[in-house]
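Worksheet: the structure to be examined is printed underneath.
No lab work stands behind these numbers, since they all come straight from the coordinates. Note that the coordinates shown come from a computational prediction; the quantities given were computed from them, not determined experimentally. Don't worry about glycine lacking a Cβ; one is built from the backbone with ideal geometry, like all the others, and counts go over all protein chains shown.
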Amino acid sequence: MTLDTRNTKEAWWVPFYDDLLAETLLVREDPTEVEATVDFLMRILELAPGSGQRVLDQCCGIGSLSGPLAARGFDVLGVDQSAAYVERARRDTSAAGQRVNFVAADASAFTAEPACDAGFNWWTSYGYAPTREHNRNMLRGAFRSLAPGALFALDTMNLAGVLRAFQEEVVVQRETPRGLITMTRRSRVDLASGRLLKRWTYEADGEQLAVHDTSLMLSMPHELGADLEAAGFRVEAYFAGIDGASLTLDDPRCIVLARRPA
Ligand SMILES: C[S@@+](CC[C@H](N)C(=O)[O-])C[C@H]1O[C@@H](n2cnc3c(N)ncnc32)[C@H](O)[C@@H]1O
């Protein structure tokens, strides 16, 4: 049966952030990549191992990074709008013996108390709101949740790199508890709105399981920097990836490091 969510009145993201997306995108296949991500975050966010520093994982999904960070000795607070993902994150981290505090909330409205010593927003969770001003509220939520002097990393797409090697179709196949799932993403850029429009189709055994449409605000790195500054942050650096390389026109990814002024 096909579950077509395009005409429902429910918030668009409720059916989109489902088990199929979790299994094909959020479950990390490569544990060494997770550890390298945690190393990178610790380095740029000035986190000392075992310090118990309080770290905000804004839009934490199923806790794919919250758990491994907690295992390094941090007091991690994961926030995600999806109650189902938060429930799964709690279950998975506790099964792995990791202690993490998860909250189901809209990150734009949420404020951590007490404030966190550092924070991050990972893997293109920023930009799905309808306008740039709406999107900035998520960064304002991060700003409010951090202590003065704290660092924050925003990981999303670099418009320049996305356009340079534009992929109209991406197919991902994953072995999941439901069997082999094929996810096909067809993308186009709407030049009038500057948004990346994607249709996500999931199939198993030749049967269509679900179809979702998404619309993501695309940004050049300097626009992400301006968004962070509008929220009160001061931008410190731009990276192309977790190897810490400098950004170029060819990099599809952009990680912006910013600080809440002391
Ligand atoms: C692509 S996933 C990334 C999840 C996680 N950061 C990771 O690296 O696995 C995007 C996540 O952002 C969450 N998200 C998007 N907008 C949000 C909002 N306004 N408040 C809280 N969570 C949000 C979604 O529910 C989803 O779990």
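Before moving on, here are some points about what is shown:
- Translational diffusion coefficient of the chain (Stokes-Einstein, Kirkwood radius from Cα pairs, 25 °C, 0.890 mPa s): 130 µm²/s.
- Rg/Rh (Cα only; Kirkwood hydrodynamic radius) as it applies to region 62-129: 0.94
- Relative exposure of Trp122, Trp13, judged by other C-beta atoms within 10 Å (fewest first): Trp13, Trp122
- Sum of -39500 (n - 2.57) over DSSP H runs of 4+, divided by residues of the chain (222 nm, nearest 500): -7500 deg cm²/dmol
- ³J(HN,Hα), Karplus 6.51/-1.76/1.60, whole Hz, each residue of region 195-205, x for Gly, Pro: 10, 9, 9, 10, 10, 9, 10, 10, 9, 9, 6
- 3J(HN,Hα) along region 124-133: 6, 9, 9, x, 8, 6, x, 10, 4, 5 Hz, from the Karplus curve 6.51 cos²θ - 1.76 cosθ + 1.60 with θ = phi - 60°, whole Hz, x for Gly and Pro.
- Local electrostatic count, Ala84, Cβ distance below 13 Å [Lys/Arg +1, Asp/Glu -1]: -3
- Remark on Ala210: its backbone amide H falls under 5 Å from those of Leu3, Tyr202, a criterion applied only to residues 5 or more positions apart or on other chains, H modelled at 1.01 Å from N.
- Take the Cα of Ala95, step 7 Å toward its Cβ, do the same at Gln208, and the gap between the two points is 3.2 nm.
- Put simply, the amide H of Ala237, placed in the peptide plane, has neighbours under 5 Å in Leu257, leaving out anything fewer than 5 places away on its chain.
- Seen from Val235, the other residues with C-beta closer than 15 Å to its C-beta sum to a net charge of -1, counting Lys and Arg as +1 and Asp and Glu as -1.
- Computed label-point distance, nm, for sites Ser51 and Ala129 using a 7 Å Cα→Cβ extension: 2.9 nm
- Among 55-62, 15-22, sorting by the average number of other beta carbon atoms lying within 10 angstrom of each residue, highest first, gives 55-62, 15-22.
- Region 133-262: relative contact order as a whole-number percent, Cα under 8 Å and 6+ apart: 33 percent
- For a label point 7 Å along the Cα-to-beta-carbon line of Ala237, residues of region 29-72 with backbone N under 18 Å: 36-49
- Shape of region 87-211, Cα gyration tensor, a/c cut at 1.5: oblate
- Neighbours of Pro31, meaning other residues whose beta-carbon lies under 15 angstrom from its beta-carbon, give a summed charge of -4 when Lys and Arg score +1 and Asp and Glu score -1.
- FRET efficiency, 1/(1 + (r/R0)^6) with R0 45 Å, evaluated for Ala115 and Lys198 via beta carbons: 0.80
- Each residue in Arg72, Arg174 was given a count of other beta-carbon atoms within 10 angstrom of its own, and listing them fewest first yields Arg174, Arg72.
- Computed from backbone phi with θ = phi - 60° and the Karplus coefficients 6.51, -1.76 and 1.60, the 3J(HN,Hα) list for region 70-86 is 4, 5, 8, x, 10, 8, 9, 10, x, 10, 8, 6, 7, 4, 5, 5, 5 Hz; x is used for glycine and proline.
- Taking amide H atoms as placed 1.01 Å from N in the peptide plane, the amide H of Asn158 lies under 5 Å from those of Arg253, Cys254, each 5 or more residues away in sequence or on another chain.
- Estimated D of region 1-144 in µm² per second, where Rh is the Kirkwood radius over Cα pairs and Stokes-Einstein applies at 20 °C, 1.002 mPa s: 135 µm²/s
- Spread over its residues, the convex hull of the C-alpha atoms of region 197-262 is 152 Å³ per residue.
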